[in-house]
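Any read-out appearing in this document is the output of simple, stated calculations on the displayed coordinates, not a laboratory observation. Not measured: the values here are computed from a predicted model. Here the Cβ positions follow ideal geometry from the backbone for every residue, glycine too, while neighbour counts run over all protein chains shown.
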Protein chains: 2
Amino acid sequence: MENAEELFRVAVIGSGNWGSVAAKLIASNTVKQSMFHDEVRMWVFEETLPNGRKLSETINQENENVKYLPGIKLGSNVVADPDLLNSVKEVNMLVFVTPHQFVEGICKRLVGNIRPDAEAISLIKGMEVKTEGPCMISKLISEMLSVNCCVLMGANIANEIAVEKFSEATIGYRQDKEAAQRWARLFSTPYFLVSAVPDVEGVELCGTLKNVVAIAAGLVDGLDMGNNTKAAIMRIGLREMKAFSKLLFSSVKDSTFFESCGVADLITTCLGGRNRRVAEAFARSGGKRSFDELETELLQGQKLQGVSTAKEVYEVLRNRGWQSLFPLFTTVHEISIGLLPPTAIVEYSEHARNLNLLQGAVQLH
Amino acid sequence: MENAEELFRVAVIGSGNWGSVAAKLIASNTVKQSMFHDEVRMWVFEETLPNGRKLSETINQENENVKYLPGIKLGSNVVADPDLLNSVKEVNMLVFVTPHQFVEGICKRLVGNIRPDAEAISLIKGMEVKTEGPCMISKLISEMLSVNCCVLMGANIANEIAVEKFSEATIGYRQDKEAAQRWARLFSTPYFLVSAVPDVEGVELCGTLKNVVAIAAGLVDGLDMGNNTKAAIMRIGLREMKAFSKLLFSSVKDSTFFESCGVADLITTCLGGRNRRVAEAFARSGGKRSFDELETELLQGQKLQGVSTAKEVYEVLRNRGWQSLFPLFTTVHEISIGLLPPTAIVEYSEHARNLNLLQGAVQLH
């Protein structure tokens, strides 16, 4: 085909649980939609499996990520590649879906090795807190690679989407609506509804901050406080997510928190996620066992994001003198480091005045 | 005391589960706050208990509603009264908390028998659909009695509040902020945080419409679709609640849906309520057993509001030609009458276009 170069070519950078599901979603669309090149490259951080075979070779032979998404066919047009630079060759749509601590190193290696017209999207949850304030992953990618970078977040439990259960997601974009619509076409399926909103920071902060609220929800579960209290804590958490995001970025929109990335992801994470689970165990121990210890015991090597995010958020709050405006975020951190008992999560009476202050502060925007 | 007449006097009209908890909350405040007369009158729809005693007498002797809230002391200043007109004598703060089908009859009897300066608040969920459109309970009370009527809604499982677990609630008021603040002082305790918003219709519609979403959530549970799908359905439901309310009343505010009456009550109701429970059983039967049959079997005389509200909402949608704008509300009704199978609740792909239309419609406001 003479215009083959004009097709959009996609690489998924990352091959964990969510990265593999993303590759599957994308691969089902690239074969159907003529604007995309069929092949989806997937960069694999190479591992040797217990049977001695390489992970990337197994993926290519069996069409399945036997380690991180066993039992699910990814599509024969997914091509695993352990060579990062080779995986992005000729690619102009870069999908970032690695643990957040690896992004900076990956971007360093990509500088000067991607197409000048490349665009990026980040599916990564988390942020880097630097002395000058928080740095969002999409901004890191965007600045290091000089590319436009959207984000995709939502109520997305990878294993449920892998078996094609109905779900939704939200794309956040800055200005380029056309690019956002292209990303939406790349990800959308009849069971995975994607909508796009012009609020990249709002969408990305939802994905990060919900893990702090999930810790609070898990504490409530561990204290056997019931669904009423849990719903109240989730609501207060959602309000603090919104207020924190708006104080950091005045462009953040209230409506974003009604999207899948907001209220729906919060619900999913507070009902079933690993942050919730470890926090429940922490509260049941009366705060006597540490989060580190419980993480090791319960998560088999998976990492807990809520506690570290709570610490990062707390640093931002302390730097700016905002602690009293965010009683839930502050309390989660102080419980996690043993300064307060788990029961403090529902002792909001003395915070009522502060909550009113918070509402006042937010109305200023 | 010479200025005893100037104190605010409260009557709770209703003595079921939630009415008894409301009386307990109120009674704990009237004894502490000098603006209120200590005594809280509670109108009891008289019943004879299995032991031959009258319910109202038992409440007054034991300080406990042994039938609807056993094990909880209401406060010695709660006085049960089976005589409706006597219970409101000298009262200027009327708290309505009866099943919604009794309100009209009660108000008819109260006309001309209440103080001219009386104010009301409704804790009742549900609405009356008349040919000219829906009639909110607060409006019914307000018009029949010529009184200002606020509403109080929220994530309020009566039995959890009865044992003083942390919770929140929302008061909706029309113009009289001072009255709303007085109601907030009457209900607020350290474990029951009340905030007031100037959006009586929005708050009241939240309390009604959430039961339709709870049916949808229960269907998802019965189909074993997982938390991801459930969160997506709850989010779509919240969006339809917001859009429906705004189309009916242009004064309704988006921010109301972030309050306890909105997202928090929705979460509580979709996690644990009876609408959810019966809908789950309905889906597990493949739609073969009727809601009526399951209600009788599972609820021991308690009534399911979601199915009748879905029918009422559907009538409004049909009268105004709005069905395609509200795929979730429409689908819940069509499933409940056997027109669609339970699995239809997650078949939204063909509705995606309509959902976009919906967003367009709402943006017009």
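Structural remarks
- Residue of B:Arg53, B:Arg274, B:Arg182 that the Gaussian network model of chain B assigns the largest fluctuation, springs spanning Cα pairs under 10 Å: B:Arg53
- Tail beyond 29 Å, pair distance distribution of chain A (Cα, percent): 41
- Summing charges over all other residues whose Cβ lies under 12 Å from the Cβ of B:Pro82, with Lys and Arg as +1 and Asp and Glu as -1, gives -3.
- Sparsely packed GluC sites (Glu not before Pro) within the stretch A:130-217, loop by DSSP, other Cβ within 10 Å at most 12: A:Glu132
- With both labels modelled 7 Å from their Cα along Cα-to-Cβ, the B:Gln61 to B:Gln33 distance reads 3.4 nm.
- Radius 11 Å from Cβ of B:Leu304, net charge of other residues (Lys, Arg +1; Asp, Glu -1): +2
- Based on the Stokes-Einstein relation at 20 °C and a viscosity of 1.002 mPa s, and on the Kirkwood radius from alpha carbon pairs, the stretch A:175-314 is assigned a translational diffusion coefficient of 133 µm²/s.
- The stretch B:133-188 and the stretch A:85-107: distance between their alpha carbon centers, rounded to Å: 53
- Per-selection Rg to Rh, the stretch B:25-105 - Cα, Kirkwood hydrodynamic radius: 0.97
- Pair-distance profile P(r), taking every C-alpha pair of the stretch A:8-148, with 10 angstrom steps and integer %: 12, 43, 33, 11, 1
- GluC sites (Glu not before Pro) restricted to the stretch B:1-73 and DSSP loop, no more than 11 other C-beta within 10 Å: B:Glu2
- Relative contact order of the stretch B:62-182, pairs being alpha-carbon contacts under 8 Å that are 6 or more residues apart, as %: 18
- Residue-averaged beta-carbon neighbours from other chains (10 angstrom radius) around A:261-270: 6
- Given R0 = 41 Å, the distance between the Cβ atoms of B:Arg320 and A:Asn159 translates into a calculated FRET efficiency of 0.50.
- Alpha-carbon Debye profile of the stretch B:236-327, log10 I(q)/I(0) at 0.18, 0.19, 0.21 Å⁻¹: -0.97, -1.04, -1.15
- Loop sites in the stretch A:276-354: trypsin sites (Lys or Arg not before Pro), DSSP, at most 10 other Cβ within 10 Å: A:Lys288
- Cα centroid separation - the stretch B:35-73 against the stretch B:245-282, whole Å: 31
- Mean partner shielding of peptide B:163-174, defined as the number of other chain Cβ atoms within 10 Å of each residue Cβ, is 4.
- Radius 11 Å from Cβ of A:Leu294, net charge of other residues (Lys, Arg +1; Asp, Glu -1): 0
- A viscosity of 1.002 mPa s and a temperature of 20 °C, combined with the Kirkwood radius over Cα pairs in Stokes-Einstein, give a translational diffusion coefficient for the stretch A:148-191 of 190 µm²/s.
- Stokes-Einstein D for the stretch B:94-208, Kirkwood Rh over Cα pairs, 37 °C, 0.692 mPa s (µm²/s): 226
- Cα centroid separation, the stretch A:300-335 to the stretch A:194-231: 13 Å.
- Cα coordinate range in the stretch A:84-143, projected on the principal axes (Å, largest first): 36, 18, 17
- Summing Cβ point charges (Lys, Arg +1; Asp, Glu -1) relative to the Cα centre of the protein assembly as shown gives a dipole of roughly 100 debye.
- Positive-pole candidate from B:Ala214, B:Val12, B:Ala27, dipole of chain B, charges at beta carbon: B:Ala214
- Each Lys and Arg contributes +1 and each Asp and Glu -1, all at the Cβ; summed about the Cα centre of the stretch A:137-285, the dipole is approximately 160 debye.
- About its Cα centre, the stretch A:283-345 has a charge dipole of approximately 140 debye under the convention of +1 per Lys or Arg Cβ and -1 per Asp or Glu Cβ, with nothing else charged.
- Dividing the summed -39500 (n - 2.57) terms of all DSSP H runs of n ≥ 4 by the residue count of chain B sets its mean residue ellipticity at 222 nm at -14000 deg cm²/dmol.
- Quotient of the Cα radius of gyration of the protein assembly as shown and 2.2 N^0.38 Å, N being its number of residues: 1.02.
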